[in-house]
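No value in this document is a laboratory result; all are computed from the given coordinates. Because the structure is a prediction, the values reported are computed rather than measured. Cβ sites come from the backbone with ideal geometry, for glycine too, and all protein chains shown count toward neighbours.
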Amino acid sequence: MKTELLEADLLAQIDLERLPQHIAIIMDGNGRWARKRRLPRIAGHRAGIRAVRQAVEACARLGVPYLTLYAFSAENWKRPQTEIKLLMALLREYLRKEIGELNRQNIRLSVIGRIADLPKPVRADLQTALEKTSRNTGTRLTLALNYGARAEVVDAVRALAEELRHDGTIQIDEATLSRYLYTHDVPDPDLLIRTSGELRLSNFLLWQVAYSEIWVTDTLWPDFTQNDLFQAIRDFQKRERRYGGLGLG
Ligand code: FPP
């Protein structure tokens, strides 16, 4: 089917009243995409930016309130120095070049992860992009950078312990712990997408995806298009979410 036809067909199947409020994506397969073309891995990451634009634009068009992208994990520091350097350079390039487009689409950028440990120039570009998009009221695009879910829980528990030293009356329950996570002001993802066919969570939002619907595609991240995102939403809307109950009412 022609791309435009497929798009119209998919959009017609999506109920805009029941959109997932938060979509989180594990963008995987850049390396394999490059290898298939006998290109260096970084060419896969560069092509991955095209797919980032596709996912962001699709969410903005539909009015999905929150999109979170796993852009650099705490474990990614184990990769070769050259790849890390180039990934950071690509990220800076994206942050600099994309501000205009993010503003045009009314997208507010935010970030989660151990940001203080990122290289200083990256932090500076991040700061600028965060400030320049801070007044936008549309989709909130969160980049997970130097992010690890276990580290996030550790950071939350440390902050909570610190708070407890000052105020011994704090109740420790699920709601309290949630308030200390990086994602305290974002609802839990309704839909978690992973590309390139791997069936793993890879230390991404472990606490928050407790009841997320998981959608995996064999498509490698650089080949991901708006239609893939529309398909994921259509499939999501066919699922019955039960949250541990019987789902009868
Ligand atoms: C996984 O592919 C992808 C990453 C580790 C990085 C994701 C980065 C981008 C899409 C580009 C920069 C992002 C932004 C937001 C500007 P992989 O290298 O693990 O692929 P493989 O499993 O096939 O080797």
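If neighbour count is taken as other Cβ atoms inside 10 Å, put 27, 88 in order from fewest to most.
Ranked by crowding around the Cβ, least crowded first: 88, 27.
For region 50-105, count the residues as N, evaluate 2.2 N^0.38 Å, and divide the Cα radius of gyration by that value, please.
Taking the Cα Rg and dividing by 2.2 N^0.38 Å, one obtains 1.32.
What is the total of Lys pairs in the chain with C-alpha atoms under 20 Å apart, excluding same-chain pairs fewer than 8 positions apart?
6
Would you be so kind as to identify all helices of the chain, as entire DSSP H runs, whose Cα atoms reach 30 Å or more along the helix's own axis and whose mean Kyte-Doolittle hydropathy is at least -1.0?
Span-like helices in the chain: 41-62, 81-104.
Counting only C-alpha contacts under 8 Å and six or more residues apart, can you give the relative contact order of the chain as a whole percent?
Normalised by residue count, the contact order of the chain is 30 percent.
Percent relative contact order of region 8-112, based on C-alpha pairs within less than 8 angstrom and at least six residues apart?
Reported relative contact order: 30 percent.
Net charge near residue 184, counting Lys/Arg +1 and Asp/Glu -1 over other residues with Cβ under 12 Å of its Cβ?
It works out to a net charge of -3.
Magnitude of the Cβ-charge dipole of region 56-155, K/R +1 and D/E -1, about the Cα centre, nearest 20 debye?
Computed charge dipole of region 56-155: roughly 160 debye.
Kindly provide the pair-distance distribution of region 120-170 built from C-alpha pairs, with 10 Å bins from 0 and whole-percent values in order of increasing distance.
19, 29, 33, 19, 0
Among residues other than residue 127 whose Cβ falls under 13 Å from its Cβ, what is the net charge (Lys/Arg +1, Asp/Glu -1)?
Net charge in that neighbourhood comes out at +3.
Assign unit charges at the C-beta atoms only (+1 for Lys and Arg, -1 for Asp and Glu), then state the dipole size of region 1-127 relative to its Cα centre in Debye, rounded to the nearest 20.
Approximately 820 debye in magnitude.
Could you give the size of the charge dipole of the chain about its Cα centre, using +1 on the Cβ of each K and R and -1 on the Cβ of each D and E, expressed in debye and rounded to the nearest 20?
Taking the Cα centre of the chain as origin, the dipole is about 1120 debye.
Got the relative contact order for region 87-235 handy, in percent, Cα pairs under 8 Å and 6 or more residues apart?
Here the relative contact order equals 20 percent.
Listing 75, 152 from the residue with the fewest other Cβ atoms within 10 Å to the one with the most, what is the order?
Fewest-to-most Cβ neighbours within 10 Å comes out as 75, 152.
Of 233, 172, 14, which has the largest mean-square fluctuation in a 10 Å C-alpha GNM of the chain?
Highest fluctuation of the listed residues: 172.
Looking at 210, 8, 49, which one has the Cα that reaches farthest to the positive end of the dipole of the chain (charges on Cβ: Lys, Arg +1; Asp, Glu -1)?
Of the listed residues, the answer is 49.
Determine, for 170, 214, 42, the number of other Cβ atoms within 10 Å of each Cβ, and report the residues in order from fewest to most.
The fewest-first ordering by Cβ neighbours comes to 170, 214, 42.
Can you give the helix-only mean residue ellipticity at 222 nm for the chain, where every DSSP H stretch with n ≥ 4 adds -39500 (n - 2.57) and the sum goes over all residues, rounded to the nearest 500 deg cm²/dmol?
-15000 deg cm²/dmol
Compute the distribution of all C-alpha to C-alpha distances in the chain, in bins of 10 Å from 0, and list the percent of pairs in each, rounded to whole numbers.
Result, from short to long distances: 7, 29, 36, 21, 6, 1, 0 percent.
Tell me the trypsin sites (Lys or Arg not before Pro) within region 123-209 that lie in a loop according to DSSP and have at most 10 other beta-carbon atoms within 10 Å.
Listed in order of number, the matching sites are 135, 200.
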